[in-house]
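> One structure coming up, written as structure tokens, with questions to follow.
The values are calculated or read from the model by the stated rules, or taken from the named source; none is laboratory data. Fair warning: this is a prediction, and the values are worked out from it, not measured in the lab. No Cβ is skipped: glycine too gets one built from the backbone with ideal geometry, and neighbour counts run over all protein chains shown.
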There are 2 protein chains.
Amino acid sequence: MYRPTMTSAARPATFTVGAIDEHGVMQPTPIAGEHPLTIYVDKREILTIMTLGAAPEALVIGYLRNQRLISSIEEVVSVQVDWEVNACSVVTRNGLQNLDEKMAKRTKTTGCGEGTVFGDLMAEIDSVHLRDDVALKQETLFAMLNNVRIHESIYKQAGAVHGCALARIKDGAILTFVEDVGRHNAVDAIAGWMWLEGVSGDDKIFYTTGRLTSEMVIKAAQMRIPVLVSRSGLTQMGYSIAEQVGITMIGRAVNKHYLLFTSAQRLRA
Amino acid sequence: MYRPTMTSAARPATFTVGAIDEHGVMQPTPIAGEHPLTIYVDKREILTIMTLGAAPEALVIGYLRNQRLISSIEEVVSVQVDWEVNACSVVTRNGLQNLDEKMAKRTKTTGCGEGTVFGDLMAEIDSVHLRDDVALKQETLFAMLNNVRIHESIYKQAGAVHGCALARIKDGAILTFVEDVGRHNAVDAIAGWMWLEGVSGDDKIFYTTGRLTSEMVIKAAQMRIPVLVSRSGLTQMGYSIAEQVGITMIGRAVNKHYLLFTSAQRLRA
């Protein structure tokens with residue numbers, strides 16, 4: 001399987017600082033790391049991401065994938081992260097697709113996200129078809145939620161991060177779990193990991209601790225993932241887009257509770 | 001006091017949809033509204049914000065303020081929101097400051113935020129001096145946290161929103177409270193409200209339900225607010241910038257608990 005030349009430059013996830021509690025007692029308190037990482041592609045500066053830095057190479061690849069700046073992992077020659085200068089240098093085989101056009105459009109759009117090219121993504125969504133021959137059993141959903149608890153190490157220590165997981169629909173096994181200070185970074189890192197490992201989304205569950213806003217639903221659909229699960233709630237546009245694209249969206253999923261909002265046919269009680 | 005000509009076009013905050021719970025029972029479930037709002041300034045398209053729409057005029061004014069595109073409320077002639085076309089039209093007296101330069105820079109930066117002009121803001125932070133002759137009593141902090149609970153209506157109903165409040169240091173009274181689907185929108189709406197009402201930040205507390213990341217600390221400092229309180233945790237860059245700028249930063253503030261991280265001299269136990 002093809003893999004770009006890459007560093008493996010994860011940073012320490014938490015740092016401990018002193019804090020005074022309500023009784024006046026000094027409490028050593030772990031806080032989540034947050035570092036600027038400036039992405040250069042073929043020596044051109046693209047943008048700066050604020051990240052925990054746990055999976056920077058996958059994050060950068062996934063960012064370029066989800067922004068539709070590259071269309072396959074084979075286009076990526078190398079990804080080199082250097083924390084001495086907070087930079088990630090990407091070399092591509094043939095350059096980025098429509099970079100100038102996309103950079104110009106990006107300035108016009110923002111969510112709580114990252115200035116994604118919203119109009120373009122919505123256009124793409126109309127052509128997405130998600131698999132309908134996969135079914136998630138309720139007991140498998142509960143098993144996956146239990147598996148997530150075991151993975152959340154940074155959140156438990158320091159809070160202030162969002163977690164995302166990619167799990168199998170057939171047995172709820174978690175294939176990868178990423179935490180980051182930004183909700184969208186965690187999604188992008190999963191997208192990068194999927195490319196690096198040659199994993200497709202069409203028989204998977206995408207789990208996030210964050211809210212299901214429009215951009216989260218769009219990103220899951222772009223990765224062809226038919227089931228989206230969140231510990232949190234959802235917004236109206238997240239709901240509308242989930243209905244439109246036919247993704248099975250489950251919110252408020254904690255322990256043995258959940259609310260199933262759309263495309264109920266994929267869940268077996 | 002000067003006020004621009006404005007609409008007052010708040011949207012309904014929640015919508016009710018059907019969801020199936022773990023027992024197979026249909027539960028009518030309120031979800032938070034989320035609407036695109038495209039900002040036009042002097043007929044030029046600037047960007048599209050995804051918002052709950054509770055305070056769109058203040059949000060747009062605060063966005064232009066926090067991005068340093070306008071330097072006083074007197075520069076704003078009118079703000080007209082029209083939800084039929086999801087647009088907000090702003091007319092200024094003399095145009096925006098350095099718009100092209102700022103739009104070009106914005107493409108390069110992102111946080112969980114909104115592509116703020118991070119470098120510019122950090123440069124400005126170096127010149128910020130926050131008042132040191134104000135003191136927050138512990139009992140006033142607790143009173144403010146209790147006041148916040150009363151205001152959180154959308155969060156209680158639907159979740160999936162962040163809330164921000166501006167409160168007085170002297171007695172913990174909440175002057176304004178805004179909820180939005182985006183953490184940064186809620187902050188921007190407060191900044192807009194402060195300008196519209198002629199309220200200064202230098203003897204106030206800024207409260208947020210969201211995490212204290214770098215961009216949140218920068219925005220509070222830009223508004224000259226000396227005390228920043230969050231229900232959630234903080235990140236390493238939020239901590240570093242808070243130390244650098246000398247803001248009193250309190251995290252994990254719920255009921256009668258908190259952790260005081262920086263500039264402890266302003267809190268009286």
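> From the list A:PRO56, A:PRO28, A:PRO36, which residue is free of Cβ contacts under 8 Å to residues at least 60 places away in the same chain and crowded, with 23+ Cβ neighbours inside 10 Å?
None of the other options fit; the residue is A:PRO56.
> Which condition does B:ALA160 not pass, out of (1) within 14 Å of chain A (Cβ to nearest Cβ); (2) in a loop (DSSP other than H, G, I, E, B); (3) surrounded by fewer than 17 Cβ atoms within 10 Å (Cβ to Cβ), if it passes all the others?
The failed condition is (3).
> Right, something else. Kindly provide the set of residues from the range A:42-61 that are within 14 Å of chain B (Cβ to nearest Cβ), touching an Asp or Glu at 6+ places or on another chain (Cβ under 9 Å) and either among the aliphatic types (A, V, I, L, M) or farther than 17 Å from A:PRO12 by Cβ (or both), ordered by number.
Of everything in the range A:42-61, those that are within 14 Å of chain B (Cβ to nearest Cβ), touching an Asp or Glu at 6+ places or on another chain (Cβ under 9 Å) and either among the aliphatic types (A, V, I, L, M) or farther than 17 Å from A:PRO12 by Cβ (or both) turn out to be A:LEU47, A:ILE49, A:MET50, A:LEU52, A:ALA54, A:LEU59, A:VAL60.
> Further, regarding this structure: Report yes if B:PHE177 is in a strand (DSSP E or B), within 20 Å of A:ALA160 (Cα to Cα), under 17 Å from the mean Cα position of the chain (by Cα) and more than 14 Å from chain A (Cβ to nearest Cβ), otherwise no.
It is false that B:PHE177 is in a strand (DSSP E or B), within 20 Å of A:ALA160 (Cα to Cα), under 17 Å from the mean Cα position of the chain (by Cα) and more than 14 Å from chain A (Cβ to nearest Cβ).
> In addition: Can you work out which of the residues in the range A:207-233 that are part of a strand (DSSP E or B) and over 22 Å from A:GLY159 (Cβ atoms) is farthest from the chain's Cα centre (by Cα)?
My answer is A:VAL227.
> Separate question: Within the range A:40-52, which residues are surrounded by fewer than 24 Cβ atoms within 10 Å (Cβ to Cβ), at pLDDT 90 or above and not hydroxyl-bearing (Ser, Thr, Tyr)?
The answer is A:VAL41, A:ASP42, A:LYS43, A:ARG44.
> Could you please find all residues in the range A:37-70 being part of a strand (DSSP E or B) and closer than 18 Å to A:HIS162 by Cβ?
A:LEU37, A:ILE49, A:MET50, A:THR51
> Please work out if A:GLY115 is modelled with pLDDT of 75 or more, outside any helix (DSSP H, G or I) and crowded, with 20+ Cβ neighbours inside 10 Å.
Here the answer is no, as A:GLY115 does not meet what is asked.
> Considering only residues that are outside any loop (DSSP other than H, G, I, E, B), more than 9 Å from every other protein chain (Cβ to nearest Cβ) and not β-branched (Val, Ile, Thr), which ones fall in the range B:254-268?
Within the range B:254-268, B:GLN265, B:ARG266, B:ARG268 qualify.
> Which of the residues belonging to the range B:231-253 are closer than 24 Å to B:SER127 by Cβ, touching a strand residue (DSSP E or B) at 6+ places or on another chain (Cβ under 8 Å) and at the interface with chain A (Cβ under 10 Å from one of its Cβ atoms)?
B:LEU234, B:THR235, B:GLN236, B:MET237, B:GLY238, B:TYR239, B:GLU243, B:MET249
> With respect to B:THR16, is the statement that it is at the interface with another protein chain (Cβ under 10 Å from one of its Cβ atoms), free of Cβ contacts under 8 Å to residues at least 60 places away in the same chain and assigned to a strand (DSSP E or B) true?
Against the criterion (at the interface with another protein chain (Cβ under 10 Å from one of its Cβ atoms), free of Cβ contacts under 8 Å to residues at least 60 places away in the same chain and assigned to a strand (DSSP E or B)), B:THR16 does not qualify.
> Now a separate question. I'd like the full set of residues that are buried (at least 24 other Cβ atoms within 10 Å of the Cβ) and over 18 Å from B:PRO28 (Cβ atoms), limited to the range A:231-244.
The one that is buried (at least 24 other Cβ atoms within 10 Å of the Cβ) and over 18 Å from B:PRO28 (Cβ atoms): A:ILE241.
> Are any residues in the range B:182-193 assigned to a helix (DSSP H, G or I) and touching a residue at least 40 places away in the same chain (Cβ under 8 Å), and if so, which ones?
If the condition is that a residue be assigned to a helix (DSSP H, G or I) and touching a residue at least 40 places away in the same chain (Cβ under 8 Å), then B:ARG183, B:HIS184, B:ASN185, B:VAL187, B:ASP188, B:ALA189, B:ILE190, B:ALA191, B:GLY192, B:TRP193 are the ones that fit.
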